[in-house]
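The values are calculated or read from the model by the stated rules, or taken from the named source; none is laboratory data. Since the structure is predicted, the reported quantities are computational estimates derived from the model, not experimental observations. All Cβ positions, even for glycine, are placed from backbone atoms using ideal geometry, and neighbour counts span all protein chains on display. All accessible areas refer to the heavy atoms of the entire protein, side chains included, with ligands and DNA or RNA removed. Shrake-Rupley method; radii C 1.70, N 1.55, O 1.52, S 1.80 Å.
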Amino acid sequence: MSPEFEMALHKKYPKILGYINEEGNYKTRLWGGFQCGDGWHQLIDTLCASIQARAEATGMEVQTNQVKEKFGALRFYIQGGDDHISGMIDLAEELSSRTCEICGKPGQKKNVQGWLITRCHVHTPR
Ligand SMILES: [Zn+2]
């Protein structure tokens, strides 16, 4: 994902994307950043907003460990959380498999030379 999108997400959702270390610096446990295309940015933004709101409402600790594309769908791995949050993640992962990973428009999962990817018709490789 583009660095400016990643930075914006960390600014908006510091409670679930990072923590403050002993020196008072913001650190993240997110392994390798957001490993997916910009088309899923809005979806991830909405998911993070929902998870952070739930974490704040319940006082629960939630830390995001990994966010990536796998088999054409979003995978969002966290530490902590509850069934409510697991349900939000399930929905976001399902929505990602219907959303072009490049542009965010409606898309379909496709098998392109053995790889499963989710793309709109414009961004489907020929
Ligand atoms: Zn597209």
Top-ranked residue of segment 5-43 - restricted to ones that are closer than 21 Å to residue 84 by Cα and within 16 Å of the ligand (Cβ to nearest atom), ranked as least open to solvent (accessible area, probe 1.4 Å): 43
Failed condition for residue 49, given (1) within 22 Å of residue 90 (Cα to Cα); (2) in contact with a helix residue (DSSP H, G or I) (Cβ under 7 Å, 6 or more places away or on another chain): (2)
Answer residue from segment 81-95, given it is within 12 Å of residue 54 (Cα to Cα) and in contact with a helix residue (DSSP H, G or I) (Cβ under 8 Å, 6 or more places away or on another chain) and is nearest to the ligand (Cβ to nearest atom) among those: 88
Selection count where residues are of a type outside the set (S, T, N, Q), part of a loop (DSSP other than H, G, I, E, B) and away from the ligand (no atom under 11 Å from the Cβ), scope segment 96-126: 4
Tally, over segment 89-108, of residues that are more than 25 Å from residue 122 (Cβ to Cβ) and open to solvent by 40 Å² or more (accessible area, probe 1.4 Å): 2
Where residue 51 falls short, out of the listed (1) surrounded by 15 or more Cβ atoms within 10 Å (Cβ to Cβ); (2) over 26 Å from residue 27 (Cα atoms): (2)
Hits in segment 57-88 (condition: among the polar types (S, T, N, Q), under 15 Å from the mean Cα position of the chain (by Cα) and surrounded by fewer than 14 Cβ atoms within 10 Å (Cβ to Cβ)): 65, 79, 86
